[in-house]
Amino acid sequence: MENTSNKKVMNVLNGETYKVPPIWLMRQAGRYLPEYKETRKRAGNFLNLCYTPELATEVTLQPIKRFGFDASILFSDILVIPDALGRSVRFVEGEGPRLDPIEAHEIVDLVDRFKSSEEALEFLSPVFDAVTNIRSKLPNETTFLGFCGAPWTVATYIIAGRGTPDQAPSRLFAYKHRHEFSKLLDLLADVSGDYLIKQLRSGADAVQIFDSWSGVLGNSDFDDWCIKPVKRIVDRVRAEIPDAKIIGFPKGSGFNYLDYRSKTGVDCVSLDWSVPHNIAKQMQNKGAIQGNLDPMRLRAGGDALNAGIDDILNNLGHGPLIFNLGHGITPEVPISHVEQMLKRIRG
Ligand code: CP3
């Protein structure tokens, strides 16, 4: 395939294979970076960092300046969508996000109030300002990714009011209040679709949809709550921007990974570290994949890190690959390990 752009990540999304794959890391702007911690302190609270374009720009660019990754991801959070829908998100230091749990009868009003995405997108206007600002400051060859959470994953926080280990509250809610739950996911899909469209129009080159909790659903529930809402987002984005490039990350979804691309319409599937490379290879025959180093190998460093990298390059380096972790980088990762990883891959 021909080189269509000087952006390696975009070319891989178009099916190109590189000898040295492009690389970026999920959560690459974060607490493992001293410069992030410094800006984070200045911002006061986490959402203030997300909603102040100058600060969001600053932290988005930090990992690019330090490591020269091939892609930059907008600094924000998947929970800005519930925040924009009036679910008042708070980040409690050391505990993670907190929301007021929603009850089934509240969903009808929520859907009615936000039928049009306009008000929610207006609330998120600082994010679009950040996107435009970031694109203008990034090197031309760096792909700039926008993102949103998938409706199921975002809904788990709206329902439970916090992260839970197996999302039992949301699974239960979906069985007890199927109609309302389905309406909530449709709403999230529509607002998220419009949110991605606006990110792409503001300067993002491509977008990623994070379904971090898709692994707790099986059988028809996976189709109903993961596939359908993500396809709804993809269709909505492509109706406005037909050539929009979209990465899907259905973390932990096991066998459901296999036909995720064909069922949702995403261009590239991001794989967690549990996906066997023979399965990943099979998926690579149909298009680009992203992943899938265990973040704990990066934390461990040394031989464990080198072996994990070599394994991915040997098995998956001969097809369209965006090198990444199988989930986000953790705060304890030493900077020297990220440098070791880049040296191993780029030489
Ligand atoms: O990848 C990036 O660098 C972009 C920024 C980004 C953040 N969150 C910044 C963040 C992205 C893409 C996310 C996505 C996100 N947020 C997901 C999906 C991906 C995943 O990791 O599964 C989820 C489930 C969330 C919700 C969320 N945000 C949780 C559960 C937490 C607390 C967990 C923790 O590590 O403390 C956050 C907070 C958050 N989002 C931080 C960062 C850098 C840490 C908060 C801080 O700096 O105080």
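The values are calculated or read from the model by the stated rules, or taken from the named source; none is laboratory data. Owing to the predicted nature of the structure, the values given are computational and were not obtained by experimental measurement. Methodologically, a virtual Cβ is constructed for each residue, glycine included, from the backbone with ideal geometry; neighbour enumeration extends over all protein chains shown. Just so you know, the surface numbers come from the protein's heavy atoms only, side chains and all, with ligands and any DNA or RNA stripped out. Shrake-Rupley method; radii C 1.70, N 1.55, O 1.52, S 1.80 Å.
Before moving on, here are some points about what is shown:
- Qualifying residues in segment 1-38 (those that are surrounded by fewer than 18 Cβ atoms within 10 Å (Cβ to Cβ) and of a type in the set (Gly, Ala, Ser)) - the one farthest from Leu124 (Cα to Cα): Gly15
- Taken over segment 230-252, the criterion of being open to solvent by 10 Å² or more (accessible area, probe 1.4 Å) and either modelled with pLDDT under 95 or within 16 Å of the ligand (Cβ to nearest atom) (or both) is satisfied by Lys251, Gly252.
- Pairing residues of segment 136-148 that are within 23 Å of Leu124 (Cβ to Cβ) with residues that are open to solvent by 20 Å² or more (accessible area, probe 1.4 Å) and more than 14 Å from the ligand (Cβ to nearest atom), at Cβ distances under 6 Å and at least 6 apart in sequence or on separate chains, gives Thr143/Lys7; Thr143/Met10; Thr143/Asp205; Phe144/Arg135; Phe144/Asp205.
- Number of positions in segment 44-63 that are of a type outside the set (A, V, I, L, M, F, W, C), within 13 Å of the ligand (Cβ to nearest atom), assigned to a helix (DSSP H, G or I) and surrounded by fewer than 20 Cβ atoms within 10 Å (Cβ to Cβ): 1
- Within segment 70-109, the only residue that satisfies the criterion of being more than 20 Å from Gly163 (Cβ to Cβ) and touching a Pro at 6+ places or on another chain (Cβ under 6 Å) is Asp70.
- Checking each residue of segment 83-98 against the condition of being within 15 Å of the ligand (Cβ to nearest atom), within 25 Å of Asp129 (Cβ to Cβ), out of contact with any strand residue (DSSP E or B) (no Cβ under 7 Å at 6 or more places or on another chain) and in a helix (DSSP H, G or I) gives at least one match.
- Pairing each residue of segment 89-115 that is farther than 22 Å from Asp77 by Cα with any residue that is at pLDDT below 95 and within 11 Å of the ligand (Cβ to nearest atom), provided the two are 6+ apart or on different chains, yields no C-beta distance under 8 Å.
- When Phe75 is tested against (1) within 13 Å of the ligand (Cβ to nearest atom); (2) in a loop (DSSP other than H, G, I, E, B); (3) farther than 21 Å from Glu122 by Cα; (4) touching a residue at least 40 places away in the same chain (Cβ under 8 Å), exactly one condition is not met: (3).
- Test: residue in segment 205-220 that is under 30 Å from Pro53 (Cβ atoms) and either among the β-branched types (Val, Ile, Thr) or away from the ligand (no atom under 16 Å from the Cβ) (or both): yes
- Residue check for Ser262: within 20 Å of Gly218 (Cβ to Cβ), out of contact with any Ser or Thr (no Cβ under 7 Å at 6 or more places or on another chain) and of a type in the set (Ser, Thr, Tyr): yes
- So Arg66, is it surrounded by fewer than 20 Cβ atoms within 10 Å (Cβ to Cβ) and either assigned to a helix (DSSP H, G or I) or more than 11 Å from the ligand (Cβ to nearest atom) (or both): yes
- In the set (1) surrounded by fewer than 18 Cβ atoms within 10 Å (Cβ to Cβ); (2) part of a loop (DSSP other than H, G, I, E, B), the condition left unmet by Lys41 is number (2).
- Residue match in segment 180-191 (condition: under 15 Å from the mean Cα position of the chain (by Cα), touching a residue at least 12 places away in the same chain (Cβ under 8 Å) and within 16 Å of the ligand (Cβ to nearest atom)): no
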